[in-house]
Amino acid sequence: MLRAATITSHIQLDQDSLVWGHFWRFLADGRTFVRYDGRGCGLSERAPKDMTLEARVADLEAVADEVDVESFDLLGHGIGAPVALEYLARHPDRVSKLILLFGFVRGPISRGLPMDSYFQILRGGGDSTGFSYDVMLGSVLVPDGSRERQQVCRDLIRASATAETVAALSQHGTDVDLTNRLPWWASSPTGALSSG
């Protein structure tokens, strides 16, 4: 199984974290599970100039080619879901199963939803109340988590990416519209979808 990169990944730190560790161990049980740090995150270059969908799909293509297997299951969640969908549209013969979790085909910006305040908070890095991008994302990732789990999540987010990177990835991740890529879905024998 190959996981398309999403926001705030750090392949060294998140494998044993309270946030993702149990999930990665579950997915790796009985199979090879490949994940990589996305643009601007984790061990990747911290200030890439290109955060577009096209660039992120090219990264996934490079990782998939390096893995060098005939086909694999592909996991896309959050802003990694459109990357996985576009990869599948381009390479249907490589993907055995597509698993989407909290993903979308048409992002909020493409649907006309106002996102300026969200991006402003992400880029702001905090205010007098201490509300910042790590607090915002932590509340989304582990909304009912204990204080310890919330803190671990915030620490992982801070170690994974800067506020500017999170905002840029969020913006490029939510302005996508892949509805024109869906016709392949009905005719593709590899179009099996499990959705979370």
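If one computes the Cα centroid of region 79-156 and of region 5-77, what distance in Å separates the two points?
Cα centroid of region 79-156 versus Cα centroid of region 5-77: 14 Å apart.
Rounded to the nearest whole Å³, what is the per residue volume of the convex hull around the Cα atoms of the chain?
Looking at the chain, the number lands at 121 Å³ per residue.
Under a Cβ-only charge scheme (Lys and Arg +1, Asp and Glu -1), can you give me the dipole magnitude of region 11-163 about the Cα centre, in debye to the nearest 20?
Rounded to the nearest 20 debye, it is 460 debye.
If you take the beta carbon distance between residue 26 and residue 180 as r and set R0 to 22 Å, what does 1/(1 + (r/R0)^6) give as a FRET efficiency, to the nearest 0.05?
Efficiency computed from Cβ-Cβ geometry: 0.05.
What distance in nm separates the simple spin-label points at residue 113 and residue 155, each placed 7 Å from Cα in the Cβ direction?
Simple spin-label model gives 3.2 nm for this pair.
What is the list of residues in region 52-77 whose amide nitrogen lies under 19 Å from a point 7 angstrom out from the Cα of residue 33, following Cα to Cβ?
Answer for region 52-77: 64, 67, 72-77.
Expressed as a rounded percentage, what relative contact order does the chain have, with Cα pairs under 8 Å and six or more residues apart?
Reported as a whole number, the value is 28 percent.
So what's the back-of-envelope 222 nm ellipticity for the chain, counting only DSSP H runs of four-plus at -39500 (n - 2.57) apiece and dividing by all residues, rounded to 500?
-12500 deg cm²/dmol
Here, each number is a calculation from the coordinates, and none is a lab measurement. Because the structure is predicted, anything quoted here is derived from the model rather than measured. All Cβ positions, even for glycine, are placed from backbone atoms using ideal geometry, and neighbour counts span all protein chains on display.
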